[in-house]
1. When the accessible area of region 1-96 is computed with all protein chains present and a 1.4 Å probe, what percentage of it is carbon and sulfur?
2. Over 23 Å between Cα atoms, which of LYS402/LYS464; LYS248/LYS397; LYS339/LYS402; LYS50/LYS90; LYS120/LYS154 qualify?
3. In Å³ and rounded to a whole number, note down the convex hull volume per residue for the Cα atoms of region 373-474.
4. Using a probe radius of 1.4 Å on heavy atoms only, what accessible surface per residue do you get for region 373-474? Whole Å² is fine.
5. Computing the accessible area with a 1.4 Å probe over protein heavy atoms, can you report the carbon and sulfur percentage for region 373-474?
6. In terms of modelled amide H atoms, which long-range or inter-chain residues lie less than 5 Å from the amide H of TRP237?
7. ASN268 to PHE520: FRET efficiency via 1/(1 + (r/R0)^6), r the Cβ-Cβ distance, R0 60 Å, to the nearest 0.05?
8. Give me the accessible area per residue for region 1-147, probe 1.4 Å, as a whole number in Å².
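The values are calculated or read from the model by the stated rules, or taken from the named source; none is laboratory data. None of the values given here were measured: they were computed from a predicted structure. Every residue, glycine among them, receives a Cβ derived from its backbone with ideal geometry; neighbour counts consider all protein chains shown. Only protein heavy atoms, including side chains, enter the accessible area calculation; ligands, DNA and RNA are left aside. Shrake-Rupley method; radii C 1.70, N 1.55, O 1.52, S 1.80 Å.
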Amino acid sequence: VLQIVKESQQQHGLRHGDFQRYRGYCSRRLRRLRKTLNFKMGNRHKFTGKKVTEEILSDNRYLLLILMDAERAWSYAMQLKQEANTEPRKRFHLLSRLRKAVKHAEELERLCESNRVDAKTKLEAQAYMAYLTGMLRFEHQEWKAAMEAFNKCKTIYEKLANAFTEEQAVLYNQRVEEISPNIRYCAYNIGDQSAMNELMQMRLRSGGTEGLLAEKLEALITQTRAKQAATMSEVEWRGRTVPVKIDKVRIFLLGLADNEAAIAQAENEETKERLFESLLGECRDAIQAVREELKPDQKQREHSLENDSGKVSNIQYLHSYLTYIKLSTAIKRNESMAKSLQKALLQQQRSDEDGKRSPRPQDLIRLYDIILQNLVELTQLPGLEEDKNFQKEIGLKTLVYKAYRCFFIAQSYVLVKKWSEALVLYERVLKYAREVQSGAGAHRNSLKELPDVQDLITQVNAEKYSLQAAAILDANDPHETESPSQVKDGKPLSERFETFCLDPSLVSKQVSLVHFPPGFQPIPCKPLFFDLALNHVVFPPLEDKVEQKAKSGLTGYIKGIFGFKS
């Protein structure tokens, strides 16, 4: 039963959470089965109800009819559960479809009691029935009955997993993992306070997985916090108590400590990154809820600013607090990514790997740029401009991250053999580090979470000596200057045919073959001819050879007009 159900679900929509597509598949499969078995419910004009009985169980496809009926009702219920978030009235339809699914599962369990059905199928039918019953009781919030049904389902699947090979036991173990959060949540609602901690541990163990299990854990944890949020009314930050009236903000603040603890306990970077993204998403939602409350309170807030000489309102101060949490979390996430990149850089120096894009110091520079930008935004939060201790803490943190940023900029210059620039930047790193040490005094507690500046000073001193040695070797290396492959005189290829030179630019797109456009060159001018004898030549008279035209008066003019010729 479970294998048929899981294969159908994975192939027809549930891999992406599309319950409507899966419901359509169940309907089509039911129609094909009835047509194949000639088990139609009447015709197009009249409905004639038929029931599957033990007498006609000659084909296992009759059991598939009942199973697909139950799956169709269950998938419709899950589709309605998604839609009920925006349309609460659909919850009644959801419960109706779950009851229908349980009814079909009861019929399947009754038919499987026949002698024609093997023991494995009987146990799976009982577990399937217990699972759907538990889902129905869970939606009715009948925690004790739901817990009993889920425990029965879990027990059957665990026994089946132990009875078969590892390959066959994978499906049963997956179903047990899906049921476990529901059992712990039911136990929590019955009165077991340790269940919430177990739910958090399940969330950590799930790692970077996605899908129904991860979504279910998030939903159950959110529901638990929503119940606890009813007792939370205010929050204190930097000596000021602010009332919290927005439910979404209450839920977020209650789960903040748990989320930070989960991030600290994360086993790998993928899990930590996923938890950071989840926390930042919840924080953005809480900030958006506060912004919506700020809009109608805009005029009142401006009035309070005038009367209270710069003291911001409670809702604005709460907004600053949430923004502080968001920016601090973003800084921690980027710092975590920077640490993993530093480890990758060290491993790359020890063993070069081909086929992968190796990390570079420029990647770390970008991360520290983002951190410094977040610190600048922290200093501009409303309500904290006059808090000198806060501004001092942010200033010291800025110096620490500037020191690390300068260090990796120097590392990038070392890679391209710019020794003088790298040495200047190393001196700048030492300057920032000494400023942090001199001003840390009363703020050492706030600097505990930051990278250790003393380690950076030790590393920079070692790098300086290495850099000076590399610069001396580079200056005294004769192969660098005498090698024909390093000679670059800027001449194009057409002017150095006589000289051998390994020029890598010849196989690039910017190859230099000739000077173009060519330069101007002097050439001989075209000679000029001056005819000096022409001024001294006397030409013979030609009057006797030129015809003398007779003078014509008015008569000739008139004849010419009318076309008469003489």
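1. Details: 2750 of 6010 Å².
For region 1-96, the apolar C and S fraction of the accessible surface comes to 46 percent.
2. Values: LYS402/LYS464 18 Å; LYS248/LYS397 31 Å; LYS339/LYS402 16 Å; LYS50/LYS90 30 Å; LYS120/LYS154 15 Å.
Listed pairs above 23 Å: LYS248/LYS397; LYS50/LYS90.
3. Working: hull volume 9.8 nm³, N = 102.
Taking the convex hull of the Cα positions in region 373-474, it is 96 Å³ per residue.
4. Using a 1.4 Å probe on heavy atoms only, each residue of region 373-474 averages 55 Å².
5. Values: 2880 of 5660 Å².
About 51 percent, which is the carbon plus sulfur part of the accessible surface.
6. It is VAL242, by chain and number.
7. Working: r = 69 Å, r/R0 = 1.15.
Efficiency, rounded to the nearest 0.05: 0.30.
8. Values: 8430 Å² over 147 residues.
Here the residues of region 1-147 average 57 Å² of exposed surface.
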